[in-house]
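No lab work stands behind these numbers, since they all come straight from the coordinates. Computed from a predicted structure; not experimentally measured. Glycine gets a Cβ as well: all are built from the backbone with ideal geometry, and neighbour counts include every protein chain shown.
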Amino acid sequence: MKKKLLSIILATAMVATMVGCGSATSEPAAAEPATKEAAEEATPAEEVAEEPAAEEASDDLIVVGYAQVGAESDWRTANTESFKTTFTEENGYQLIFDDAQQKQENQIKAIRSFIQQEVDYIVVAPVVETGWETVLEEAKEAGIPVILSDRMMDVSDDSLYECWVGGNFVKEGEDAAAWLKTYLEDQGRGSEEINIVTLQGTIGASAQVGRTEGFANGMQDNWVMLDQQTGEFTQSKGQEVMESFLKQYPDIDVVVCENDNMAFGAIDAIKAAGKTCGPEGDIIVISFDAVAAAFDSMIAGDLNATFECNPLHGPRVAEIIQKLEAGETVEKIQYVDESYFDTSMDVAAIKETRAY
Ligand code: GZL
């Protein structure tokens, strides 16, 4: 398989040189699409997602194509770093990395490019849960195992992927609601009417679906969910949506942010509106991910609590690949260990112990 990859790349490079195809992209021109559908979908070389051209793969490297969501958050940056530091040549891999800029069509193009390059494994962090059956069928047809990392795909046939490794998003949401219930009770506000708004992640992403569902499972009778709107997991959109919530709802008690970056945006909006937040403030701020900057925000007294979603999936996926290489079976669903952190803890000391 790997040898064939090298011959395709060399042949493609020769053809590209001869016909002078479009762009100066380092990406080898796409090989002849294998199916009509792939021909319709295949994109000209100049549009193929920016991946580093597959270097001359030596015979024994395992070639891994990774279709990453994007670079929308600190969590995503840590997740990408985990893959890039795990799938190195010295560890026996050649990584072909694609950043889809949070667009599903780019991820599908990247997967088709990996198929054409005949990689040994395809890893996908699917931006949303649906719309993957066709391209997964193509990977299966090509005999290339697919591993899901981070977010989940909703497919009718789970034989289309080897396994999934990621966070338990519903549990994260339920844990956040349970934490808020205890926190309010400890403040003597257990029976007070509590007004809540939620900054949701990318709609349809399993992290958004799960956290929204999980928090809803933990809603109390005296809690009111005033509004929920997507902040796309980004700080800027999170700030924008929180600004509009603050204009619409004068008496917000809690903002639930489905990732830390949206929480940072919400905190900026709260302060710009002349309000305060955090353990001593008007508005309780809860978030998810537990990236390093979230610890800084808790230390500054802005963020109340963050629910961990471990991004360090690289080593877990490498372990799965090694098992598959050895002909072993792997667990279909593999949750990573997760916790939470709040300002009642020594968050400055904890931050020093963390890997991301
Ligand atoms: C969670 C991951 C989410 C993070 C966000 O596993 O999919 O996407 O919570 C990231 O920070 O954008």
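Let me know the shape class of the stretch 114-172, please: from the alpha-carbon gyration tensor, a ≥ b ≥ c as square roots of the eigenvalues, rounded when a/c is under 1.5, otherwise prolate if a/b is greater than b/c, or oblate.
It comes out prolate by the Cα gyration axes.
Going 7 Å from the Cα of Thr77 in the Cα-to-Cβ direction, what parts of the stretch 254-297 have a backbone nitrogen less than 12 Å from that spot?
261, 291-294
Amide H neighbours of Ile62 under 5 Å, counting only residues 5+ apart in sequence or on other chains, H built in-plane at 1.01 Å?
Amide H neighbours of Ile62, under 5 Å, 5+ apart: Tyr93, Gln94.
With labels modelled as points extended 7 Å from the Cα through the Cβ direction, what inter-label distance (nm, one decimal) is found for Lys103 paired with Lys171?
Each label point lies 7 Å from its Cα, and together they span 3.6 nm.
Amide H neighbours of Phe97 under 5 Å, at least 5 residues apart or on other chains, H built in the peptide plane: list them.
Correct list: Tyr66.
Please work out how much length the chain gains when fully extended from Lys140 to Asp296, using 0.36 nm per residue of separation minus the C-alpha to C-alpha distance, in nm with one decimal.
Taking 0.36 nm per residue and subtracting the Cα distance, the gain is 51.7 nm.
Only loop residues by DSSP count here, and only those with at most 12 other Cβ atoms within 10 Å; note down the GluC sites (Glu not before Pro) in the stretch 277-345 that meet that.
Glu280, Glu328, Glu331
Using DSSP to define loop residues, name the GluC sites (Glu not before Pro) in the stretch 88-131 whose beta-carbon has at most 13 other beta-carbon atoms within 10 Å.
none
Extending each Cα 7 Å along its Cβ direction at Ser339 and Glu325, get the distance between those two points in nm, one decimal.
3.2
To the nearest 0.05, what FRET efficiency results for Asp221 and Asp59 with a Förster distance of 56 Å applied to their C-beta separation?
It comes out at approximately 0.30.
Between the stretch 150-225 and the stretch 249-269, what is the separation of their alpha carbon centroids in Å?
Here the answer is 15 Å between Cα centres.
I need the shape label for the stretch 232-356. Rule: rounded when a/c is under 1.5, else prolate if a/b > b/c, else oblate, with a, b, c from the alpha carbon gyration tensor.
prolate
Taking H placed 1.01 Å from N in the peptide plane, check which residues at least 5 places from Trp223 or on another chain put their amide H under 5 Å from its amide H.
HN-HN under 5 Å from Trp223: Ile194.
Can you tally the net charge around Gln229? Count Lys and Arg as +1, Asp and Glu as -1, for every other residue whose Cβ sits under 15 Å from the Cβ of Gln229.
Local charge sum for Gln229: -2.
Would you work out if the stretch 215-300 is rounded, prolate or oblate? Take a ≥ b ≥ c from the square roots of the eigenvalues of the alpha-carbon gyration tensor; rounded if a/c is under 1.5, else prolate when a/b is larger than b/c, oblate otherwise.
It is rounded, given that a/c, with a ≥ b ≥ c, falls under 1.5.
If r is the Cβ-Cβ distance from Glu352 to Glu280 and R0 is 25 Å, what FRET efficiency results, to the nearest 0.05?
The value I calculate is 0.55.
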